[in-house]
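Accompanying notes for the structure given below.
Read-outs throughout are calculated quantities, based only on the coordinates presented, and are distinct from any laboratory measurement. Just so it is clear, the structure is predicted and the values come from calculations on it, not from any experiment. Positions of Cβ are generated from backbone atoms using ideal geometry, with glycine treated the same way; all protein chains shown enter the neighbour counts.
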Amino acid sequence: MEMEEEQQTMWWRKLGFYTNPFTIKPAPFDNTIFGQDSLLEDLYYKIPAGTMSFIEGSLGAGKTTILKNLISKFRGHGNVIYFSCNRIDTELNIEELLKGKYGFWGRLFGMMPKDMIVLLDESQQLSSVNTERIKYFFDQGNIKSVVFTGTNYSNTNLHDSIKERIGKDGLFKIKELSDEQAVTFVRNRIGNSTVLNDELIKKLWHVSGKNPRRLLQRLDRVFRYAIENMESEIKEDHLIKIFEEMKTKTETTAPQEAAKKIEKIAPAKEENSEEESPKEVKKPGKKKKKSRR
């Protein structure tokens, strides 16, 4: 029974995919970045120089994907530590994190590494005390560079010394993908699949608030729907059935579009009516004599 249920949940196999192409978990294509070339180039330059940086972006915008790309870029010497701050319940112990590079013996003998690159994901969870210790180990040479990510830089609890070190040059904001880049992002995962055309991918991109993670979640629902209903190609009508927000949007925009068409036609009719209708000619009437009393 468990095997049968597992086969049913692996709907992507029926479409020829080895894994779910819309998973937000670590996957082979997660390190592919779209629309953030200049951001990555700046980080590739700054990290070896010994700096602190902050990447700002909404949840699901691609911050973690960028950090994974940095891991692939700089892990050659085993000097990269990645940590998701969402996993901590209380305080981050950066000293223990550094000692953890050497495993059990590092913790036992207090061995501290040098020139580490520390990547701290979703750092809005950190307190000012946490980040003050990071600056200490940065000044001691144990940490060479730090890259923080978060949803809003101005609302973080980073220690003032950290903010000074980041400065204006160290603050990066994830750029919003264009419609074409969003299509490329999806095609990187589904190839030339004809289940969904590019125009509908763009519509889903807008319905998803132009957020990559939300787009993947909606695509998962669309492709599941295609399998469950044996649809070889998804049409816009299908999307309206799947997503209530698309139905509402269609109902709202249809009258507006119709009104715009009427507005374009109405002025023309008014102009023609003025030209064609003859002007009224007033006939001269007899003037009434005023009665004298």
Local electrostatic count at GLU180 - Lys and Arg +1, Asp and Glu -1, tallied over other residues with Cβ under 13 Å: -1
Note, ³J(HN,Hα) from phi for segment 41-46, Karplus 6.51, -1.76, 1.60, rounded to Hz, x at Gly and Pro: 4, 5, 5, 4, 7, 6
Relative exposure of TRP11, TRP205, judged by other C-beta atoms within 10 Å (fewest first): TRP11, TRP205
Restraint check, LYS63/LYS101; LYS63/LYS173; LYS25/LYS63, Cα-Cα greater than 19 Å: LYS63/LYS101
Theoretical gain in end-to-end length, GLU96 to LYS173 [0.36 nm per residue, Cα-Cα removed]: 24.7 nm
Segment 29-173: equivalent-ellipsoid semi-axes (sqrt of 5 x gyration tensor eigenvalues, Cα, Å): 22, 18, 15
Overall Cα dimensions of segment 177-251, principal axis frame, Å, largest first: 28, 27, 18
Added length on full extension, which subtracts the Cα-Cα distance from 0.36 nm per residue, ILE33 to ASN155: 41.3 nm
Environment charge at SER58 (Cβ cut-off 11 Å; Lys +1, Arg +1, Asp -1, Glu -1): +3
Whole-Hz couplings from phi, Karplus 6.51/-1.76/1.60, listed for segment 160-167; x for Gly and Pro: 4, 5, 6, 4, 5, 5, 5, x
For LEU171, distant residues with modelled amide H under 5 Å away: PHE54
Built amide H within the under 5 Å cut-off of SER84, gap 5+: ASP121
